[in-house]
Amino acid sequence: MANIVIADDHAVVRTGYRRIFEQSGQHNVVAEAGSGHEVIALLKETSPDVLLLDVMMDGPGIINTITRVLKQDSRMRIIVVSMHDNLSLVERCLKAGALAYITKLSQSSSLLNGLNEVMKRRRYLSHDVAEKLAMKQLDLKGHSSLTSLSTREFDVFLRLVRGGSISDISNNMNISKKTASNYLSKIKSKLGVSTTAELVHLAFQENILEF
């Protein structure tokens, strides 16, 4: 049996995950978090086996959260869940230390299969992500322009395309507004765009956002 902490900013989504795990009769949800800020404190209190972590939550950002969690507990098994199958995002999460990446369009069986695999400390990708990654490795698809961004720049990019202002990014990432603005300039330069609207358009193209 696995003890699980669910971290997602939508209560109804957390309830759905809890039902899937508890109806399996094999797993136990010990706590829920609604933001990245709550995750670290909850893990200290509950000492779970697995953290189910949504990509798009308020807080320090997905990559920073994964890094902080594993710094606190290097044996934590992290499953990332997301609406998006963008490979740059997938690869960054896995590189940061997540063991699994599952899209929210997957069947509930995929979530349970992923949980069983990470309990054995094996990697797991939902079928759609695994297929897309295989296509990339076969060079049947081009590389994403987002791979040119550093981890910090990618985090800023995610916040920007979700509607975050420079002030929001400054506050959430604990950086100055000047630093946030500098990141924005670097991002636009690397991606070859001149406006935030073009960044949002690129995010749709890369399947980071959905219509």
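Values in this text are rule-based calculations from the coordinates and carry no lab data. These figures come from a predicted structure and were not determined experimentally. A quick note on method: Cβ atoms are made from the backbone with ideal geometry, for glycine too, and the neighbour counts reach across all protein chains shown.
Structure above, values below:
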| quantity | calculated |
| --- | --- |
| Kirkwood-type radius of region 145-205, with distances r between different C-alpha atoms, in Å | 11.3 |
| Angle in degrees between helix 177-191 and the longest Cα principal axis of the chain, rounded to the nearest 10 | 80 |
| Equivalent-ellipsoid semi-axes of region 21-76, from the Cα gyration tensor, Å, largest first | 20, 13, 10 |
| C-alpha long axis of helix 151-161 to longest principal axis of the chain, angle in ° | 80 |
| Two-decimal Rg/Rh across region 66-107, once Rg and the Kirkwood Rh are taken from alpha-carbon atoms | 1.00 |
| Under the Debye formula (equal points on every Cα, no solvent term), log10 I(q)/I(0) of region 1-114 at q = 0.19, 0.22 Å⁻¹ | -0.96, -1.34 |
| Set of lysines with alpha-carbon distance to residue 44 below 25 Å, sequence-local pairs under 8 removed | 71, 95, 120 |
| Space enclosed by the convex hull of the alpha-carbon atoms of the chain, per residue, Å³ | 116 |
| Debye, to nearest 20: dipole size of the chain, +1 on Lys, Arg Cβ, -1 on Asp, Glu Cβ | 600 |
| Spatially proximal lysines relative to residue 177 (Cα-Cα < 17 Å; intrachain offsets below 8 disregarded) | 186, 188 |
